[in-house]
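J.: To start, I am sharing the structure in question, which I have written as structure tokens.
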Amino acid sequence: MLRTLLRSGGAILKNTQRTNQRLWLVPAQQRWASSLPINTVVLFVPQQEAWVVERMGRFHRILEPGLNFLIPILDRIRYVQSLKEIVIDVPEQSAVSLDNVTLQIDGVLYLRILDPLKASYGVEDPEYAVTQLAQTTMRSELGKLTLDKVFRERESLNHNIVNSINQAADEWGIRCLRYEIKDIHVPPRVKESMQMQVEAERRKRATVLESEGQREAAINVAEGCKQSQILASEGEKAEQINQAAGEAQAILAKAEAKARAIRLLSEALAEQNGGAAASLSVAEQYVSAFSNLAKESNTLLLPSNTSDITGMVTQAMSIYSTLAKPSPRLEGRPSGTPEDRREDSQ
């Protein structure tokens, strides 16, 4: 008897689940069952579903997935709640932003029933209530933002809508997991002005980048000129230093050569017949200097006896002899003493 009753109950349950499928009303965005499962004493509850049972019109218990037994006539399955994540398409609606721009926005709502008891007795149609709450919350949140911030702060807008829905839906046993804005439709004129603004912003960026490039180029050119001038001045300075050092070395070399020549000349004059050789050299220089008159200047200073070469040579030799004689003061004491200056004054 029990086996026959179980078989009949399972068959009736299968036929009920096949024929009484839950219908979806897309325009109203709500789900509801056309007919509830019949109490066949032995019931098999599918996974991720919660069946709310009333006994004599009062809540009795919630059937868990698997095998369950009910008392006929007294027990009745009143609500069937799905514990899966539910996706609801929020229909397109109009909203006014903070800067008085009318927007057309639609979204997607992700829900899950956490408490089947609250979802059954807390609100008449929980999914429809959450959908309406999402629409009103979206309008209020968009009214706090300008048009530019709506596009930039899209993620924060979704987060604020989810928090607002959860605060109100907590009494209904429903948890809003996510809310995503699908499309934002802007009026054509506003779209054109936004496009013009974007183009102007891009032109501005291009102009700024071009000016910055020109500035960087000018700075680089100036830095290059500065470095080249510095290097040129340092090169000129090094050249002058090297030239001065070379001239100083040349002067020292000439002075050393001249001093050596004078030492050699003094040694030669001290030898035998050195005076005659010196006289001959002076005479040759005198004649050579006289022959160069009027070649480098128009001013001439001629002696009175230019035709007497012998007299001029004699005169040059006498001058040399006078210069060659030792001074008496040089043999005594230095000429720079106060006694010498006193004798000269006498």
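J.: For residue 150, all conditions in the list (1) open to solvent by 70 Å² or more (accessible area, probe 1.4 Å); (2) of a type in the set (A, V, I, L, M); (3) touching a strand residue (DSSP E or B) at 6+ places or on another chain (Cβ under 9 Å) hold save one; what is the number of the exception?
T.: With (1) open to solvent by 70 Å² or more (accessible area, probe 1.4 Å); (2) of a type in the set (A, V, I, L, M); (3) touching a strand residue (DSSP E or B) at 6+ places or on another chain (Cβ under 9 Å) applied to residue 150, the lone miss is (1).
J.: If you don't mind, another one. Quick check, is residue 129 in contact with a helix residue (DSSP H, G or I) (Cβ under 9 Å, 6 or more places away or on another chain), more than 21 Å from residue 36 (Cα to Cα) and touching a residue at least 40 places away in the same chain (Cβ under 8 Å)?
T.: Yes.
J.: I've got another one for you. Quick test for you: out of 134, 119, 129, pick the one residue that is assigned to a helix (DSSP H, G or I), open to solvent by 10 Å² or more (accessible area, probe 1.4 Å) and either at pLDDT 85 or above or not aromatic (Phe, Trp, Tyr) (or both).
T.: Numbers: 134 fails: open to solvent by 10 Å² or more (accessible area, probe 1.4 Å); 119 fails: open to solvent by 10 Å² or more (accessible area, probe 1.4 Å).
Going through 134, 119, 129 in turn, the sole match is 129.
J.: In region 167-206, what residues are under 14 Å from residue 133 (Cα atoms) and touching a Pro at 6+ places or on another chain (Cβ under 9 Å)?
T.: Matches in region 167-206: 169, 172, 174.
J.: Just the residues that are in contact with a Ser or Thr (Cβ under 9 Å, 6 or more places away or on another chain) and either loosely packed, with under 15 Cβ neighbours inside 10 Å or hydroxyl-bearing (Ser, Thr, Tyr) (or both), please, taken from region 90-111.
T.: Scanning region 90-111 gives 91, 94, 96, 97, 98, 99, 102, 104.
J.: If I ask for residues that are at pLDDT 70 or above and either under 60 Å from the mean Cα position of the chain (by Cα) or surrounded by fewer than 10 Cβ atoms within 10 Å (Cβ to Cβ) (or both), which ones from region 251-295 would you list?
T.: 270, 271, 288, listed by residue number.
J.: Let me ask another. Looking at 315, 229 in this structure, which one is assigned to a helix (DSSP H, G or I), at pLDDT 75 or above and of a type in the set (S, T, N, Q)?
T.: 229
J.: Restricting to region 161-193, name every residue that is of a type outside the set (Gly, Ala, Ser), within 21 Å of residue 100 (Cα to Cα) and open to solvent by 50 Å² or more (accessible area, probe 1.4 Å).
T.: Within region 161-193, 183, 185, 188, 189, 191, 192 meet the criteria.
J.: I'm checking my understanding of the structure. Among residues of region 134-178 that are within 36 Å of the chain's Cα centre (by Cα) and of a type in the set (S, T, N, Q), which one is farthest from residue 190 (Cα to Cα)?
T.: Taking the candidates together, the pick is 160.
The values are calculated or read from the model by the stated rules, or taken from the named source; none is laboratory data. Since we're looking at a predicted model, the values are computed, not measured. Cβ coordinates were reconstructed from backbone atoms using ideal geometry, including for glycine residues, and neighbour counts include every protein chain displayed. The accessibility values were calculated without ligands, DNA or RNA, using every heavy atom of the protein model including side chains. Shrake-Rupley method; radii C 1.70, N 1.55, O 1.52, S 1.80 Å.
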